[in-house]
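Input: a single structure, listed below in structure tokens.
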Amino acid sequence: SEIKELAVKNYDLAYTNNCFTSISLANYAELLLYQGNYQKSIELYEQALKQNNELINAHYNLAIAYLNTKNYKLAIEEAEIANRIYDKNIQYKMDALLLCSDISFLDNQPLKAIGYLEQGLKYTEQDYRFFKKLNKICLSIGDTQKANINADKLFALFPTNPAATQIVMDNYLSTDKSDELILFFNRNIEKFSNKNEILGNLYFHFAYFYNS
């Protein structure tokens, strides 16, 4: 957009003329990050953090930039720093743990990725994202028992919401575990046998699965 282009132009002018603070550098870096200019964003974040190592969100965003350049070693280092900084802000901490998990999984370390997710569940079991990722990762490594437990916990959070059922279906089907998906439906149909609205959600998606 024109506003973003103007912002980049002005930030770049200030940077060229050596007129910046750690905060303005971080703001410029964030703008470039979400424009996909990861290498320049990394350069600016590193400069900003040399001036102020406690900048809120800078380590987290720098981890994302490194992740997008596939520098998993530096990405996880920055994500772990963000995780520590966010100790007093649980929502931010949960986001940092999810990022740590994503980085580890992409770096072919699924067990480490699972560890970050399980750490997050110690703070709350109401964030569906953790069960979703645990279900998917466990399916990918063949741990169907743990995958099924997390699928059931995810569904139990929003048992009448079609989106929850769709997430579970997508995870099982994308990992070629249709047999386990059938067991998921049968298991939860039995569990919620006296809950008509929940059964409607389950039967609808079960029928959709068989007809697709």
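The values are calculated or read from the model by the stated rules, or taken from the named source; none is laboratory data. Remember, it's a predicted structure, so these values are computed and weren't measured experimentally. Methodologically, a virtual Cβ is constructed for each residue, glycine included, from the backbone with ideal geometry; neighbour enumeration extends over all protein chains shown. What goes into the accessible areas is simple: the full protein's heavy atoms, side chains included, and nothing from ligands, DNA or RNA. Shrake-Rupley method; radii C 1.70, N 1.55, O 1.52, S 1.80 Å.
Details
- The criterion of being under 19 Å from Leu99 (Cβ atoms) and either within 17 Å of the chain's Cα centre (by Cα) or in a helix (DSSP H, G or I) (or both) holds for Leu62.
- Cβ pairs under 6 Å, 6+ apart, first in region 172-184 and over 15 Å from Asp152 (Cα atoms), second open to solvent by 40 Å² or more (accessible area, probe 1.4 Å): Thr175/Ser140
- Asp87 satisfies every condition listed in (1) closer than 20 Å to Ile76 by Cα; (2) at pLDDT 95 or above; (3) open to solvent by 80 Å² or more (accessible area, probe 1.4 Å) except (2).
- Being in contact with a Gly (Cβ under 9 Å, 6 or more places away or on another chain), farther than 30 Å from Asp87 by Cα and touching a residue at least 24 places away in the same chain (Cβ under 8 Å) is a property that holds for Thr160.
- Test: residue in region 148-158 that is open to solvent by less than 70 Å² (accessible area, probe 1.4 Å), farther than 22 Å from Asp102 by Cα and either of a type in the set (S, T, N, Q) or part of a helix (DSSP H, G or I) (or both): yes
- Residue match in region 194-207 (condition: closer than 23 Å to Leu111 by Cα, modelled with pLDDT of 95 or more, of a type in the set (Lys, Arg) and out of contact with any Leu (no Cβ under 8 Å at 6 or more places or on another chain)): no
- Among the residues of region 103-126, those that are open to solvent by less than 80 Å² (accessible area, probe 1.4 Å), under 21 Å from Asp87 (Cβ atoms) and either hydroxyl-bearing (Ser, Thr, Tyr) or outside any helix (DSSP H, G or I) (or both) comprise Ser104, Tyr116, Thr124.
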